[in-house]
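Down below is the structure, laid out as structure tokens.
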Amino acid sequence: MKNLKALLLPAVMVLAGAGSAYASHVTKDDAKSVQPGYAYHFGEEEECINVGKTCDTTGTIICTADVGMGSEPLYQLNGTSCPDKLFERVQQ
């Protein structure tokens, strides 16, 4: 019985470790997050204005929209501010 426990315990630990590593692995697509874009207008009553365009949190091309003042970069809403730039969605 002691030999069986001595063999099973390490095997269970290896399987538990492999299972948790697989479960916590983030894929490239999981890192992407589609967010609504907000234009930042300093000094207005509502500084972050939803423009109705969706963007990604990762990428290389900055997400922009024309909201009456020309082409403006879009930001991710965080509470009542919008500090983080968003990027254009790439269709795959």
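The numbers here are math on the coordinates, done by the rules we state, and not lab data. All values reported here derive from a predicted model rather than from experimental measurement. Here Cβ is always computed from backbone atoms with ideal geometry, including for glycine, and neighbour counts include all displayed protein chains.
Listed values, structure above:
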read-out: Charge sum, other residues only, whose C-beta stays under 12 Å from L77's C-beta, Lys/Arg counted +1 and Asp/Glu -1; value: -3
read-out: Shape category assigned to the range 48-92 from the gyration tensor of Cα positions, a/c cut at 1.5; value: oblate
read-out: Sequence ranges 73-79, 60-66, 35-41, ranked by mean other-Cβ count within 10 angstrom, highest first; value: 35-41, 73-79, 60-66
read-out: Per-pair calculated FRET efficiency, R0 = 25 Å: N50 and V90 via Cβ, rounded to 0.05; value: 0.70
read-out: Label point distance in nm, M69-V34, each placed 7 Å from Cα along Cα→Cβ; value: 2.8 nm
read-out: Fewest-first sequence of E88, E46 by Cβ atoms within 10 Å of each Cβ; value: E46, E88
read-out: Positive-end residue of T80, A65, H41, charge dipole of the range 29-85 with Cβ unit charges; value: A65
read-out: Extension gain from N78 to H41, taking 0.36 nm per residue of separation minus the Cα-Cα distance; value: 11.8 nm
